[in-house]
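Questions regarding the structure given below will be posed in turn.
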Amino acid sequence: MFPWGLSCLTVLGAAGTAILCAALLLSLAQHLWTLRWTLSRDRASALPLPKGSMGWPFFGETLHWLVQGSRFHSSRRERYGTVFKTHLLGRPVIRVSGAENVRTILLGEHRLVRSQWPQSAHILLGSHTLLGSVGEPHRLRRKVLARAFSRSALERYVPRLQGALRREVRSWCAAGGPVAVYDATKALTFRMAARILLGLRLDDAQCATLGRTFEQLVENLFSLPLDVPFSGLRKGIRARDQLHQHLEEAIAEKLHEDKALEPRDALDLIIHSTRELGHELSVQELKESAVELLFAAFFTTASASTSLLLLLLQHPAAVAKIRQELVVHGLERACGCSPGAAVAVGTVAGPWPDCGCEPDLSLTVLGRLRYVDCVVKEVLRLLPPVSGGYRTALRTFELDGCQIPKGWSVMYSIRDTHETAAVYRSPPEGFDPERFCSGREDAQGASSRFHYIPFGGGARSCLGQELAQAVLQLLAVELVRTARWELATPAFPAMQTVPIVHPVDGLRLFFYRLTPSTVRDGLCF
C-alpha cells in the first residue's frame, strides 16, 4: 500500500505543479498583454489612455461582448465613464458616448478620423460606394446621391410608398394567424426599395427570391476576408454576383432610354445627376450604387418599423392620440377595399395594385401631423436601429481629458448617448413622444447638440433620413386607422441589439381589421 500511496502523492504533486506553472504563465501573459497596450500610448501626448480593460491576451473582451450584448457597454460605461478602452474583434477600441464627445468624432471626419468598415464589406459592396470613398470623391458622391433624396424626389415616392404600406397592413389583417413582423417588414422594405428607389419591374415572387439573395449578402457582410469554399465571404460573393446579374439587365434598359425623359426613381436620378456633372457612370458603378441603396434602406427601416409596432402596442395612449390627430385633419378614414381586391389586380411593379382608393398623404400632409412626427422621433430615440458606428483615428487627439491614439478604432454610441442625455426632462429610458412636441424645452436644440443622432451626423450622416421618417409616418397612419394588433406570445420579447435592433422572436402579432364601430367605440386596444 505504501508504494501506491507514494505514487498517488507524486502524481498529485506533478499535477499541482503543472497547474501552478499554467497559472503563472497565464498571469505573465496577462501582464504582458496589459503592458503591451499601456506602452502603445502616444508618448508625444502627455494625456493618459482612457480607463478600461483590454481583456484576455489576443481575445480581448470579445467573448464578454458577444455574451452580454448591450449590457457589456452599459456596465463598462458605469464603471469607466463615457470614454473607455477595450479590445474587440482583434483591435483596440475606444468606446465613446455623450453628445459633446460624439460631436467631436462625427465632425472630425477626414480630419481626426475616417470611416472604418471591415475588408469583407468593401469586397462585397464594392469600391464605387460612399462606404469606400473619402475626401473629395466622397463629397461628390454624396452630392449625386442627395438628388435621389431631395424633397421633390420624396414627393414622387410618397404616394407609391403609401400604396405599398396600405396593401401590407391589409394583408396582415387578412393573414388569419400570427404575423412575424420583423420578417414581414424586411420583405416589405426590400420590395419598396427595389420597386420605388431602383424602379425594378418585379412581381412578388421575383421580389421574394431577390430579397432572400440580398439578405444572404447582408448576413455575410461582416465575415472573415477569406474567399474559400463554404466561407461567409464566398457565400456573400455568390449572392452579390446573383444580384449584379439581375441588376445589369435593368440598368442596361435605363441607359438606353431617352435621355430627355424625366427621372422616375432614385437610380434614374443618379444617372441624370452624373451626366449633368459631365461623367457617365459605368454599369459596374451603377450596380454597386443600386446595391448600396438597397443596403442603406433594408435592415434599418425594417428594424425601426418593427420597433414602431412594438412601442405603440406597449403604449396605447399614443395610439389614441394619433387617432385624435387624424380626426382633426380629416384623415381617420382608411381605404375601404378588401385585401383580395388589391391582389386580384396584379402584382407587377409600377404603382402598387390599387382598388380605387386614391393616396391621401403627401409630404405636406405628413408635415401637419405633429404628434405622428413626435412618435416617430421617440421610437428612433429609444430604439435606434443602429447602435453606433466605427471610425479609425487618423492622428492622436484629445477626448474628455484622454488621448485617442493614432490607428486605434473609435466606436461612437448612438444608444448610450440617447439613454444618458440630461437634456431630456422626462426619464430618457421612458417612451414619451411629448418630449419632441412644441413647447417642450427638452427637445429644443437636441439635434444640433448631438443629443439626438439616430441617423448619425457630420459628413457621413444618413442621406435617406427624411425618406426613412416618411416611411415610418406613413406606416403609423395606415396602422392606426386600419388595424388593431396584439401579442401572439405570452410576453413581450427581449430586444437583440447586435448587429441591429430587433425582437429576438421577430415579434409575432395578431392583426385585426378595424370597423367603423370599433373605432367609434374606442375598442381598438
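The values are calculated or read from the model by the stated rules, or taken from the named source; none is laboratory data. Everything numeric in this text was worked out from a predicted model, so none of it was measured. Glycine also receives a Cβ, built like all others from the backbone with ideal geometry; neighbour counts cover every protein chain displayed. Each accessible area value is taken on the protein alone, full model and side chains, heavy atoms only, with ligands, DNA and RNA left out. Shrake-Rupley method; radii C 1.70, N 1.55, O 1.52, S 1.80 Å.
For segment 409-427, name all the residues that are assigned to a loop (DSSP other than H, G, I, E, B), touching a residue at least 24 places away in the same chain (Cβ under 8 Å) and surrounded by fewer than 21 Cβ atoms within 10 Å (Cβ to Cβ).
Residues satisfying the conditions are A421, V423.
Test of understanding: among E262, E292, E288, which residue is open to solvent by 50 Å² or more (accessible area, probe 1.4 Å) and out of contact with any strand residue (DSSP E or B) (no Cβ under 8 Å at 6 or more places or on another chain)?
It is E262.
I'd like to check something: does segment 133-156 contain any residue that is of a type in the set (A, V, I, L, M), touching a strand residue (DSSP E or B) at 6+ places or on another chain (Cβ under 7 Å) and more than 25 Å from P359 (Cβ to Cβ)?
Scanning segment 133-156, I find at least one residue that is of a type in the set (A, V, I, L, M), touching a strand residue (DSSP E or B) at 6+ places or on another chain (Cβ under 7 Å) and more than 25 Å from P359 (Cβ to Cβ), so the answer is yes.
Now a separate question. Within segment 285-303, does at least one residue satisfy the condition of being closer than 22 Å to C173 by Cα and in contact with a His (Cβ under 6 Å, 6 or more places away or on another chain)?
yes
Still on this model: For segment 143-154, which positions are open to solvent by 40 Å² or more (accessible area, probe 1.4 Å) and either under 27 Å from G236 (Cβ atoms) or hydroxyl-bearing (S, T, Y) (or both)?
Hit for segment 143-154 is S152, nothing else.
Looking at segment 218-256, which of its residues are of a type in the set (S, T, N, Q) and either in a loop (DSSP other than H, G, I, E, B) or crowded, with 19+ Cβ neighbours inside 10 Å (or both)?
Once the filter is applied, which keeps residues that are of a type in the set (S, T, N, Q) and either in a loop (DSSP other than H, G, I, E, B) or crowded, with 19+ Cβ neighbours inside 10 Å (or both), segment 218-256 yields N220, S223, S231.
Still on this structure: Scan segment 169-213 for residues that are under 19 Å from A250 (Cβ atoms), of a type in the set (A, V, I, L, M) and under 22 Å from the mean Cα position of the chain (by Cα) and jot them down.
Within segment 169-213, M192, A193, A194, I196, L197, L198, A208, L210 meet the criteria.
How about segment 127-196: which helices (runs of 4 or more DSSP H) wholly inside it have at least 2 residues that are hydroxyl-bearing (S, T, Y) and touching a helix residue (DSSP H, G or I) at 6+ places or on another chain (Cβ under 7 Å)?
Counting at least 2 such residues, we get 151-173, 181-192.
Quick test for you: out of E378, E332, pick the one residue that is part of a loop (DSSP other than H, G, I, E, B) and modelled with pLDDT of 80 or more.
That would be E332, the only listed residue that is part of a loop (DSSP other than H, G, I, E, B) and modelled with pLDDT of 80 or more.
Please determine whether any residue of segment 69-83 is modelled with pLDDT of 85 or more and open to solvent by 90 Å² or more (accessible area, probe 1.4 Å).
yes
Could you list all residues from segment 20-65 that are open to solvent by less than 70 Å² (accessible area, probe 1.4 Å), of a type in the set (A, V, I, L, M) and part of a loop (DSSP other than H, G, I, E, B)?
L47, L49, M54
Read through the list (1) within 28 Å of V480 (Cβ to Cβ); (2) part of a helix (DSSP H, G or I), then give the number of the only condition that E215 fails.
So E215 meets the others, but not (1).
From the residues in segment 253-281 that are among the β-branched types (V, I, T) and at pLDDT 85 or above, which one is nearest to P159 (Cα to Cα)?
Restricting to residues being among the β-branched types (V, I, T) and at pLDDT 85 or above, the top hit is I270.
Out of the residues in segment 102-142 that are without any contact (Cβ under 8 Å) to a residue 60 or more places away in the chain and not acidic (D, E), state the one that is least open to solvent (accessible area, probe 1.4 Å).
S133
Another question, then. All but one of (1) open to solvent by 90 Å² or more (accessible area, probe 1.4 Å); (2) part of a helix (DSSP H, G or I) hold for T209; which doesn't?
(1)
One residue is enough: does segment 259-277 have a residue meeting the conditions outside any helix (DSSP H, G or I) and closer than 29 Å to I123 by Cα?
Scanning segment 259-277 turns up at least one residue that is outside any helix (DSSP H, G or I) and closer than 29 Å to I123 by Cα.
Any chance you could count how many residues in segment 384-408 are over 30 Å from P503 (Cβ atoms) and part of a loop (DSSP other than H, G, I, E, B)?
Selection size over segment 384-408: 9.
Between a first residue in segment 62-86 that is more than 21 Å from A494 (Cα to Cα) and a second residue that is open to solvent by 40 Å² or more (accessible area, probe 1.4 Å) and among the charged types (D, E, K, R), which pairs have beta carbons less than 6 Å apart while being 6 or more apart in sequence or on different chains?
Y80/K51; V83/D400; F84/K51
Any residue at all in segment 169-191 that is of a type in the set (G, A, S), buried (at least 20 other Cβ atoms within 10 Å of the Cβ) and at pLDDT 90 or above?
So far as segment 169-191 goes, yes, one or more of its residues are of a type in the set (G, A, S), buried (at least 20 other Cβ atoms within 10 Å of the Cβ) and at pLDDT 90 or above.
Any residue in segment 434-450 that is open to solvent by less than 50 Å² (accessible area, probe 1.4 Å), at pLDDT 85 or above, outside any helix (DSSP H, G or I) and within 21 Å of V113 (Cβ to Cβ)?
Scanning segment 434-450 turns up at least one residue that is open to solvent by less than 50 Å² (accessible area, probe 1.4 Å), at pLDDT 85 or above, outside any helix (DSSP H, G or I) and within 21 Å of V113 (Cβ to Cβ).
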